[in-house]
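Okay, structure first, notes after.
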Protein chains: 2
Amino acid sequence: MSADGRQDGTRRLRGGIDLGGTKIQAVIVDPDNEPVGQARHPTPTRGGPAAVAAEMAATLTEAARAAGVATSDLVGVGVGSPGEVDPSEGTVAEARNLTDWTDPYPLAAELGRVLGTPVQLGNDVDVAVRAEFELGAGKPYKSLLGVFWGTGVGGGLILDGRQWDGRGSAGEIGHMVVKQGGRRCTCGRKGCMEAYAGRLAMELYARKLVKQGKSTKLFKIAKEQNRDRLTSGIWARAIEAKDKLAIQLIDEAIGALGTGVASAINLLDVEAIVIGGGLGVRFGEPYAKRIERAMKPHLFLDDRPPAVHLAALGDLGGAIGAALLVAGSGS
Amino acid sequence: MSADGRQDGTRRLRGGIDLGGTKIQAVIVDPDNEPVGQARHPTPTRGGPAAVAAEMAATLTEAARAAGVATSDLVGVGVGSPGEVDPSEGTVAEARNLTDWTDPYPLAAELGRVLGTPVQLGNDVDVAVRAEFELGAGKPYKSLLGVFWGTGVGGGLILDGRQWDGRGSAGEIGHMVVKQGGRRCTCGRKGCMEAYAGRLAMELYARKLVKQGKSTKLFKIAKEQNRDRLTSGIWARAIEAKDKLAIQLIDEAIGALGTGVASAINLLDVEAIVIGGGLGVRFGEPYAKRIERAMKPHLFLDDRPPAVHLAALGDLGGAIGAALLVAGSGS
């Protein structure tokens, strides 16, 4: 029964969109946050914010169709976005891992116009961490660090049951330094964890190595799949094919993740780590265990490590978390 | 006027002891936390915990004498200690930067017996951070990171006005990794910030370089001063004398501090950094500025850096903070 007393349940459905560097994931959830429809499209790499917004609307519309509702019948749609998100203005700026997205773009207004329902923006990692904390692997804990290993490496903190945002920008775990004077990061700085573990940084580094004469199947697989970006699936396929360069770069990524996450634990001593993101989810439990092992040599209290879990909501966590931005979840 | 209605103010005085790797600082404070007596002795490097406890009692007794009270007239004495502090048991174990201190030692009981007043233990960095937050450079802020640059590099966190301890051991900023595969730390791990910036690690590294044939005035100055440890004053003297090796090691220390603190800021986005500790206080404002500059290249939001302050309570902060452990401060 809906809050306004009507029997028609469709009015209580909410939409969520997770805007990633390589994919747009949309979901429609019921009041218990159970997915009742979903869709996924690749993120456009041309056309800037307008093209991305159009694709987001198309993806959400497809998910709504799968759920048997019109987008205008949704209570609202939440969006988890990378970059500088201003929820009150409804804008996103400086989405570094997307192309040509620098100036603030009125994403909420644009999507709202096309979808015919209110749109609420949030930070992509924050919403994914909130989803894991409220509904997923983080449920047993009061403090945790979410590590989202995908195009970049995002982090989110729950301390004593509440999201910790600092002055608004906490959780940039990908830009914790793991090696002074180390590899160049996509942010322009040196030695960041993301320089070794972010999928975009790994792709750029792989291209550089290929230019230097190294061989790899990575770009051949991408071509076969008609992709111009190295997706998590392509990395997984190259690893399966025992591609040496892919294996080396993933090993280095795991080393960097272990080091950086251990540093965060030494500083914060939270109860648990939840590993998600495109690569985290794709590689799954065995790689979460590898990251856990890579943390060990750097944990100050190595006899009392934090629990390490894979994100329980998997690929859908970000989109479900985005839907949590819309009031009306739960009973 | 005292709480129990007596005009005799001496009953409201409290003692505080800061147990450091090279010095023991004792202070007697009035109800407004103003120091009314103080004393400082070198930390014994022989004789284990019993010798250290005896010296702590002697230092506090000297401070009480300076304040014109007997130690048994104090409301109580607080102790800020390194190592694994168990406040309820009154024990300290694994005080790594002190010699021969591994097993739990009943420090509170032993000091209480000699001093004739209740003794309360706390973590050295936690009490120093609390002192700076309540009485010192951290007063204007609700969230801050205290960086205590001395024998080791300790950290303490205030988030939203409250000390963040995690599962009891947060704040090990010295063991955040700044360089994967880097220099060996006194903790046995590699590449920790403390491996480059901790005074003990720096001394061990300087000895190693001397064995390898490098020359330095550091140990000559120590000999002249009849010291078997390189104190902050000795490092300062060597820098003044333009000792190349000392300058190089301090430069590396500042680089490591800047990198590690920037990593912490990227993760937590707190409002302010307060730099204290033996080396921090000795080198003062110009070096705090150098650390601030060394952070810059690694700050993700470099256009909005945190405020960086030198610990306002200086050398006495740890001891004053320890005295805060004893109930009866303020009005």
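The values are calculated or read from the model by the stated rules, or taken from the named source; none is laboratory data. Just so you know, these numbers come straight off a predicted model, no measurement behind them. Every residue, glycine as well, gets a Cβ built from its backbone with ideal geometry; the counts of neighbours run over all protein chains shown.
In this structure, is B:Gly182 facing chain A (nearest Cβ under 8 Å) and at positive phi? Please lay out each step first, then the result.
Working: facing chain A (nearest Cβ under 8 Å): yes; at positive phi: no.
When the stated conditions are applied, B:Gly182 does not pass them.
Hey, any hits in the range A:303-319 for a residue that's within 14 Å of another protein chain (Cβ to nearest Cβ) and of a type in the set (Asp, Glu)? Checking the range A:303-319: at least one residue is within 14 Å of another protein chain (Cβ to nearest Cβ) and of a type in the set (Asp, Glu).
You will find that of A:Val129, A:Val147, the residue that is surrounded by 24 or more Cβ atoms within 10 Å (Cβ to Cβ) and either outside any helix (DSSP H, G or I) or more than 14 Å from chain B (Cβ to nearest Cβ) (or both) is A:Val147 and no other.
Listed here are the residues, each with its yes/no results for (1) crowded, with 23+ Cβ neighbours inside 10 Å; (2) over 17 Å from the mean Cα position of the chain (by Cα); (3) assigned by TED's automatic domain parsing to the domain that holds B:Asn97.
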position	(1), (2), (3)
B:Gln225	no, yes, no
B:Ile239	no, yes, no
B:Lys244	no, yes, no
B:Gly280	yes, no, no
B:Leu299	no, yes, no
B:Pro306	yes, yes, no
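Picking from B:Arg237, B:Arg207, which residue would you name as being free of Cβ contacts under 8 Å to residues at least 24 places away in the same chain and within 20 Å of B:Gly277 (Cα to Cα)? Outline the logic, then answer.
Values: B:Arg207 fails: within 20 Å of B:Gly277 (Cα to Cα).
One residue alone meets the criteria, B:Arg237.
Within the range A:55-65, the residues that satisfy the criterion of being of a type in the set (Gly, Ala, Ser) and either surrounded by 16 or more Cβ atoms within 10 Å (Cβ to Cβ) or over 18 Å from A:Ala319 (Cβ atoms) (or both) are A:Ala57, A:Ala63, A:Ala64. Among (1) out of contact with any Lys or Arg (no Cβ under 6 Å at 6 or more places or on another chain); (2) at pLDDT 95 or above; (3) surrounded by fewer than 22 Cβ atoms within 10 Å (Cβ to Cβ); (4) not in a loop (DSSP other than H, G, I, E, B), where does A:Thr10 come up short? Condition not satisfied by A:Thr10: (2). Of the residues making up the range A:229-271, those that are in a helix (DSSP H, G or I), touching a Phe, Trp or Tyr at 6+ places or on another chain (Cβ under 9 Å), facing chain B (nearest Cβ under 8 Å) and among the hydrophobic types (A, V, I, L, M, F, W, C) number 3. Taking (1) part of a helix (DSSP H, G or I); (2) farther than 24 Å from B:Gly154 by Cβ in turn, B:Ser215 satisfies each apart from (1).
Can you spot a residue in the range B:293-312 that is closer than 22 Å to B:Val210 by Cβ and in contact (Cβ under 8 Å) with a residue 40 or more places away in the chain? No, the range B:293-312 has no match at all. Kindly indicate whether B:Gly155 is assigned to a helix (DSSP H, G or I), in contact (Cβ under 8 Å) with a residue 24 or more places away in the chain and within 25 Å of A:Asp303 (Cα to Cα). In short, no. Residues of the range B:286-331 that are touching a helix residue (DSSP H, G or I) at 6+ places or on another chain (Cβ under 6 Å), part of a helix (DSSP H, G or I) and either at pLDDT 95 or above or of a type in the set (Val, Ile, Thr) (or both): B:Arg290, B:Ile291, B:Ala294, B:Met295, B:His298, B:Ile320, B:Gly321, B:Ala322. Residues in the range A:182-207 that are assigned to a helix (DSSP H, G or I) and farther than 16 Å from A:Gly154 by Cβ: A:Glu203, A:Leu204, A:Tyr205, A:Ala206, A:Arg207. Among the residues of the range A:185-216, those identified as away from every other protein chain (no Cβ under 12 Å), charged (D, E, K, R) and surrounded by fewer than 18 Cβ atoms within 10 Å (Cβ to Cβ) are A:Arg207, A:Lys208, A:Lys211, A:Lys214.
Checking B:Ser263, B:Ser232 one by one, the residue that is under 17 Å from the mean Cα position of the chain (by Cα) and hydroxyl-bearing (Ser, Thr, Tyr) is B:Ser232 and no other. Counting only residues that are within 11 Å of chain B (Cβ to nearest Cβ), touching a Pro at 6+ places or on another chain (Cβ under 9 Å) and surrounded by 24 or more Cβ atoms within 10 Å (Cβ to Cβ), the range A:153-169 holds 0 of them.
Looking only at residues in the range A:67-92 that are in a strand (DSSP E or B) and of a type outside the set (A, V, I, L, M, F, W, C), which one is surrounded by the most Cβ atoms within 10 Å (Cβ to Cβ)?
Step one: filter the range A:67-92 for residues in a strand (DSSP E or B), giving A:77-81, A:84-86, A:91-92.
Now restrict to residues that are of a type outside the set (A, V, I, L, M, F, W, C): A:78, A:80-81, A:84, A:86, A:91.
Details: A:Gly78: 27, A:Gly80: 30, A:Ser81: 28, A:Glu84: 16, A:Asp86: 16, A:Thr91: 21.
Out of the qualifying residues, it is A:Gly80.
Could you tell me whether A:Arg46 is surrounded by fewer than 22 Cβ atoms within 10 Å (Cβ to Cβ), under 20 Å from the mean Cα position of the chain (by Cα) and not polar (S, T, N, Q)? When the stated conditions are applied, A:Arg46 does not pass them.
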